[in-house]
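For reference, the structure is listed below as structure tokens.
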Amino acid sequence: ALAFGKILYLVMGVEAYGSFILILIRVTRQDLPIFVVIYTVFLLFFAQLHFFASNSLHSGIREGADSARRIFGAMLGDIAAEDDRVYADSRTTLLVTAVSVANFFFVTVVLLNLLIAMLSSTYDAILQVRHASRARGHVHDPRAP
């Protein structure tokens with residue numbers, strides 16, 4: 001990891017790649033942790049909904065962990081994860097399907113758009129700093145916040 005950081009620091013001096021490296025650094029330090037926290041909140045929320053919708057007895061932490069695994073699997077495209085479970089009635093099946101569809105919508109549409117907006121904002125901020133430093137006639141120190 002240390003060698004990769006040194007390579008990035010050296011490549012930052014190349015004009016064509018400098019802004020890109022700054023974007024990678026800022027995204028990894030600022031935007032990505034915020035996005036991971038927001039995604040974790042959504043994952044736990046939908047896992048809790050799935051847990052209550054699919055388990056009428058609420059039999060413990062193992063079922064809760066299974067609900068989190070199923071919701072995370074649905075985010076990765078494993079829609080067939082619900083097919084192997086038999087529910088007591090059609091109302092439960094409908095609730096679980098509704099939770100899965102809502103999770104799919106929020107993760108793919110809302111959260112991915114949020115991530116794109118965060119990356120776009122970081123890109124614009126880096127370019128503004130770059131243009132301002134060129135206008136002043138000096139290069140911006142990439143290690144400055």
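Figures for the structure shown
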read-out	value
Pick from region 53-65, criterion part of a helix (DSSP H, G or I) and modelled with pLDDT under 80, ranking: most open to solvent (accessible area, probe 1.4 Å)	R62
Scope region 66-96; condition part of a helix (DSSP H, G or I) and either modelled with pLDDT under 65 or more than 16 Å from L43 (Cα to Cα) (or both); matching residues	I79, A80, A81, E82, S90, R91, T92, T93, L94, L95
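The values are calculated or read from the model by the stated rules, or taken from the named source; none is laboratory data. Worth saying up front: this structure is predicted, and the values here are computed from it rather than measured. Ligands, DNA and RNA are excluded from the accessible area calculation, which covers all protein heavy atoms including side chains. Shrake-Rupley method; radii C 1.70, N 1.55, O 1.52, S 1.80 Å.
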